[in-house]
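The next block holds one structure in the form of structure tokens; read it before the comments.
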Amino acid sequence: MKLFPYGHATHPQWRMAAGLVLAQLRAHMALPAYASAPTLGLLYITDHYAVQAQDILDFLSGELPEIVDWAGTVGIGIASNNVEYFDEPALAVMLCGLPSDQYRVFSGISPLPPASATHFKAHTALVHADAGTPDVAELIDEMAQRTGSGYVFGGLASSRSEVVQFALSGNGNVKGHGAAGGVFSGGLSGVAFAQGAALMSRITQGCQPISGEREITACDGNVVTALDGQSALDVMLADLGVSLDQPRDALEKVRTTLVGLRRADAGLQDGRIHRPGQFGADVVVRHIIGLDPARSGIAIADMPAVGMKLAFCERNAEAARADLVRVCAEIREELEPEELTLEVASALSGLQADAAPHPARRIAGAIYVSCSGRGGPHFGAPSAELQIVRRALGDVPLVGFFAGGEIARHHLYGYTGVLTVFTAAP
């Protein structure tokens, strides 16, 4: 598999930005290391361009007629290799050189077939969703059940104006798409991939536990009333080291505290704190949305169940940085061959990590979906998060967006990053 052409640009006028992106894409397609005849385009735009979404898709489709399938969405920020665009008009495109029988674009008018289907068997899927869709978390779980792996990845669109998704397939060859313009609002859309399309995905957490893991022993709706058989409110105050006798200090601490939830049957983790970034992919982070002194409870932004594990946590830039480096290193190590030729060793060296993308890294392209609360502002400088990815993973074609919630496995996460790479044979 060859490298995926990609491009990104910012400009007050979308047509100028699209022209700059097209120039980058065409330059890549002219290089022997890049795919010269891709058919799937991934398109991400910032919300500055949301109202022009249909015009942008029509323009790119017209200029790139060989790209018959498109998917993507909008974010308050978008990402590409080594750069992120926040609060500015920008777009990013990656053209995926995959066999047409190895993927399928889906949307509300052309849904993904069930896992039992015979004409196309989805192994995993890139999912874009509208946060305003009722029961969106349940729909994501149901979508995962339609794949052979039970694993989907992606995120919720984020926008201060229109919330749009791109889903266009086969110039009308897929039922329902012929009468559609390819721009949708609401629901879910994306790209499903067959098992032959080799992908590798990792979740990086952005929060650090500040307490041991507790068992939820009683709850009522979204209110946790007992932890380890004790008053949940009392346990939280003790774990945070605060008292309601000093309400101002207590409330200030609670406002910066979140909870990490883990199902009892998920992988076991030691609840004690050993190092930053200890939360695994089996933990989902949720907000504390209120206290219930009458029931000595804690209201959270989820529906907990008796038997689930809960740990109090907080956002931590160092923990997020360490965990991001870890997942990138895991991917690199898994893809590195046991025996290195001189060419491969040079491509994987620290010096070459800052050079152009190289097929020897065995990564044809990457998609990175991060929380809109992360990015440069959380990591300390503009584009700092994407620079960490580049330094740790190497220079690879990459696009993505900053989401209102991140999708991985069959869960909806918060404050995480989801990194997925298309792998090439050695």
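Summary of values
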{"quantity": "Residue tally, condition open to solvent by 40 Å² or more (accessible area, probe 1.4 Å) and either over 28 Å from G155 (Cβ atoms) or touching a His at 6+ places or on another chain (Cβ under 6 Å) (or both), over the stretch 24-35", "calculated": "5"}
{"quantity": "Among (1) surrounded by 22 or more Cβ atoms within 10 Å (Cβ to Cβ); (2) in contact with a helix residue (DSSP H, G or I) (Cβ under 7 Å, 6 or more places away or on another chain); (3) farther than 24 Å from S370 by Cα, the one test that P38 misses", "calculated": "(2)"}
{"quantity": "Residue, most open to solvent (accessible area, probe 1.4 Å), within the stretch 80-99, restricted to residues that are more than 20 Å from A23 (Cβ to Cβ) and touching a strand residue (DSSP E or B) at 6+ places or on another chain (Cβ under 8 Å)", "calculated": "D87"}
{"quantity": "Flag for T204 being at pLDDT 95 or above, part of a strand (DSSP E or B) and polar (S, T, N, Q)", "calculated": "no"}
{"quantity": "Criterion violated by I331 - all others in (1) at pLDDT below 90; (2) part of a helix (DSSP H, G or I); (3) under 23 Å from the mean Cα position of the chain (by Cα) satisfied", "calculated": "(1)"}
{"quantity": "For A37: the one exception among (1) part of a helix (DSSP H, G or I); (2) touching an Asp or Glu at 6+ places or on another chain (Cβ under 7 Å); (3) of a type in the set (G, A, S)", "calculated": "(1)"}
{"quantity": "Enumeration of residues in the stretch 371-400 that are more than 23 Å from A198 (Cβ to Cβ), assigned to a strand (DSSP E or B) and open to solvent by less than 10 Å² (accessible area, probe 1.4 Å)", "calculated": "none"}
{"quantity": "Residue list for the stretch 409-423, restricted to those being modelled with pLDDT under 95 and in contact with a Phe, Trp or Tyr (Cβ under 6 Å, 6 or more places away or on another chain)", "calculated": "R409"}
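A quick yes/no check of all residues on (1) farther than 23 Å from A320 by Cβ; (2) at pLDDT below 95; (3) of a type in the set (S, T, Y):
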residue: D228; (1), (2), (3): yes, no, no
residue: S243; (1), (2), (3): yes, yes, yes
residue: K253; (1), (2), (3): no, yes, no
residue: Q269; (1), (2), (3): no, yes, no
residue: P293; (1), (2), (3): yes, yes, no
residue: S296; (1), (2), (3): yes, yes, yes
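The values are calculated or read from the model by the stated rules, or taken from the named source; none is laboratory data. Treat the numbers as computed from the prediction; the structure is a model and nothing was measured. Every residue, glycine as well, gets a Cβ built from its backbone with ideal geometry; the counts of neighbours run over all protein chains shown. Accessible surface is based on the protein model in full, side chains and every heavy atom, while ligands, DNA and RNA are left aside. Shrake-Rupley method; radii C 1.70, N 1.55, O 1.52, S 1.80 Å.
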